[in-house]
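Visitor: Structure provided below as C-alpha cells; questions to follow.
The values are calculated or read from the model by the stated rules, or taken from the named source; none is laboratory data. Computed from a predicted structure; not experimentally measured. Don't worry about glycine lacking a Cβ; one is built from the backbone with ideal geometry, like all the others, and counts go over all protein chains shown. Note: accessible area is taken over every heavy atom of the protein model, side chains too, but ligands, DNA and RNA are not part of it. Shrake-Rupley method; radii C 1.70, N 1.55, O 1.52, S 1.80 Å.
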Amino acid sequence: MSAWNYFKEYISDTARLADHIDTQSASTNIRKNVYFRGPNVWILAFSIIIASVGLNVNSTAVIIGAMLISPLMGPIFGLGLGLGVNDTRLIGDALRNLLIMVVISLLASCLYFLLSPLNLANPTELEARTSPSIYDVLIALFGGFAGILEQARKDKGTVLSGVAIATALMPPLCTAGYGLAKLNMHFFLGAMGLFTINAVFITLATYLTTKYLRFRTIEFNDERTGRRTSRLITLVVLLVTVPSLWSAALMIRNNNFTVASEQFLAENRVYGSSYIYDHHINKGRPNTLTLFVTGEVLKAEEKLEILENAAKYGISATRIEIVDKGVSINRDASDKIMLGIYDRMEGQIFRKDSTIQALQFQVEQLQKALSAARDSLHPSEPAASETSADPDTTENAAAKPSAED
C-alpha cells in the first residue's frame with residue numbers, strides 16, 4: 001500500500017462517525033427536552049434573572065452561568081430534528097414551546113429592568129448583544145453542528161455546555177427585555193435579531209446533521225399524506241434557509257465594507273490643510289461612507305485624491321459623501337487673524353502685569369499696617385532695646401541702688 005493510500009485510509013478511519021453514534025438515543029433525548037414543563041419552567045425563570053443581573057452589572061461570569069443553566073436549547077434542537085425526520089408533530093411542539101419560552105423570557109427580563117434601580121452609564125454587555133455580525137452566524141452554525149453531534153454520540157461529554165456559552169441564547173432575550181423596559185428599539189430589535197440568527201442557524205445545523213447521520217424518519221401509511229408532509233417540510237426548510245443565507249451574505253458585505261473603510265481611514269486622514277476628524281458608515285443598499293472634514297475648505301484636487309485613495313480599498317466614489325466643515329482663509333485674512341490674536345494676547349499680558357503690580361502694592365501696604373499694629377501693641381519693647389543697647393545708661397542704672405545703700 002502506497003503512503004498516500006495509507007494516509008487517506010487513516011484519515012477516513014479517524015473521522016468516521018458510524019461507530020460512535022447512537023441516533024436512536026439522540027432522538028429520544030432531544031424529544032424529551034423539547035417540552036416546557038416541570039423543572040424546565042423554574043430553571044428558565046432562574047436563568048432569566050441571573051442573566052438580567054449579569055447584564056445589569058456588566059458581569060461576564062454571571063452571564064456565562066445563566067447561559068449554562070438556560071433550557072432554551074432543547075426546543076431548537078427539537079425543531080431541527082423534526083425538520084430532518086419529517087415529524088410535523090415534533091415541529092409544532094418545538095415551535096410552541098420555544099415561543100412560550102421566548103415570551104416568558106422577554107416579560108421576566110422586562111419586569112426586572114423596570115424594577116432594577118441600577119442604571120449603568122456604559123452598559124457594554126447589553127450593547128454587545130445589539131449588533132449581530134457574520135461571526136455570530138458562524139458561531140451559531142458550527143455550535144449547532146457540535147451540539148447535535150454531542151447529542152448523538154455514545155460517550156457524552158461537556159460539549160453542550162460549551163455550545164450553550166458560545167451561541168448565547170439567553171443574553172439576547174434579556175437584552176431585548178431591557179429594550180422593552182426602556183422603550184429603546186435599538187436594543188430590542190438588535191437583540192432579537194441576534195437571538196433569531198442563533199436559533200435559526202442552530203436549527204439549520206441540526207437539520208443538516210440529522211440528514212447526514214440518517215436519523216430514522218417518519219414513515220406514512222398514506223402516500224398522499226407523506227408527499228404533502230414532505231412538501232411542507234421542504235417549504236419550512238426553505239423559509240428558514242433562504243433568509244438565513246441572505247442575512248449571512250448581507251453581514252459579510254457589511255463587514256467587508258466596514259473593514260475597508262477602517263483601513264482607508266487609518267492611512268488617509270490628512271489632505272493639505274484639512275483633516276478627516278470623524279466618519280459614519282451607513283449600512284444599507286448600498287453601504288455608504290460619510291466623511292467629516294475640518295480645517296481649510298477642500299480643494300477640488302484634494303477631494304479627487306480622497307476618492308482615488310478610497311477606490312484603492314474597493315470603495316467606489318458613489319459610496320462616499322464628504323461633509324466639509326472647513327473655513328476658507330486667504331493669506332491676507334490669515335495675517336489679520338494672527339495680528340488680532342497677537343494684539344489680544346499683548347493686551348491680556350498688560351492687564352495681568354497691572355493686576356500683579358496692584359496686588360504687590362496692596363501686600364506692601366498690608367505689611368506696613370501689620371508692623372504699625374505690632375508697635376502699638378508692644379511700645380516698651382523698643383525702649384528696652386534702646387536701654388540695653390546704651391552701655392552708659394546701663395552702668396548708671398546699676399550704680400544707683402548702691403549709692404542709696
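Visitor: Figure the gain on full extension for residue 230 and residue 213 (residue separation times 0.36 nm, minus the Cα-Cα span) and round it to one decimal in nm.
Guide: Length difference between fully extended and current span is 4.3 nm.
Visitor: Round to the nearest 0.05 the FRET efficiency obtained for residue 60 and residue 348 when R0 = 45 Å and r is the Cβ-Cβ distance.
Guide: 0.30
Visitor: In addition: Within region 23-62, what residues put their amide N at less than 20 Å from the label point 7 Å along the Cα-to-Cβ vector of residue 127?
Guide: 52-62
Visitor: Can you give the three extents of the C-alpha atoms in region 206-317 along their principal axes, from longest to shortest, in whole Å?
Guide: 80, 24, 19
Visitor: Right, another one. Give, as ranges by residue number, the residues of region 229-246 whose backbone N falls under 15 Å from the point 7 Å along Cα→Cβ of residue 95.
Guide: The answer is 229-241.
Visitor: Over 25 Å between C-alpha atoms is what I'm after, so list which of 182/325; 211/283; 325/352; 32/154; 32/156 land there.
Guide: Listed pairs above 25 Å: 182/325; 211/283; 325/352.
Visitor: Quick check: pseudo-label points 7 Å beyond the Cα along Cα→Cβ at residue 13 and residue 239, how many nm apart are they?
Guide: Using points 7 Å along Cα→Cβ, the separation is 4.8 nm.
Visitor: How big is the accessible area of residue 355 in square angstrom, nearest 10, if you roll a 1.4 angstrom probe over the protein chains?
Guide: Looks like 80 Å² after rounding.
Visitor: Order the following by accessible area, largest value first: 105, 133. Probe radius 1.4 Å; ligands, DNA and RNA are ignored.
Guide: 133, 105
Visitor: Between residue 375 and residue 189, what is the label-point separation in nm under the 7 Å Cα-to-beta-carbon projection?
Guide: Between residue 189 and residue 375, the label points sit 8.5 nm apart.
Visitor: Okay, next question. At what distance in nm do the modelled label points of residue 285 and residue 41 sit from each other, each positioned 7 Å from its Cα along Cα→Cβ?
Guide: Placing both labels 7 Å along Cα→Cβ, they lie 4.4 nm apart.
Visitor: Where does each of 297, 85 land when they are ordered by accessible area, with a 1.4 Å probe and the largest first?
Guide: 297, 85
Visitor: Turning to a different aspect of this structure: Less than 12 Å Cβ to Cβ from residue 257, Lys/Arg counted +1 and Asp/Glu -1: what total charge do the surrounding residues give?
Guide: Once all neighbours under 12 Å are counted, the net charge is +3.
Visitor: Considering only C-alpha atoms, what is the centroid distance from region 285-321 to region 50-75, in Å?
Guide: Centre-to-centre (Cα) distance: 44 Å.
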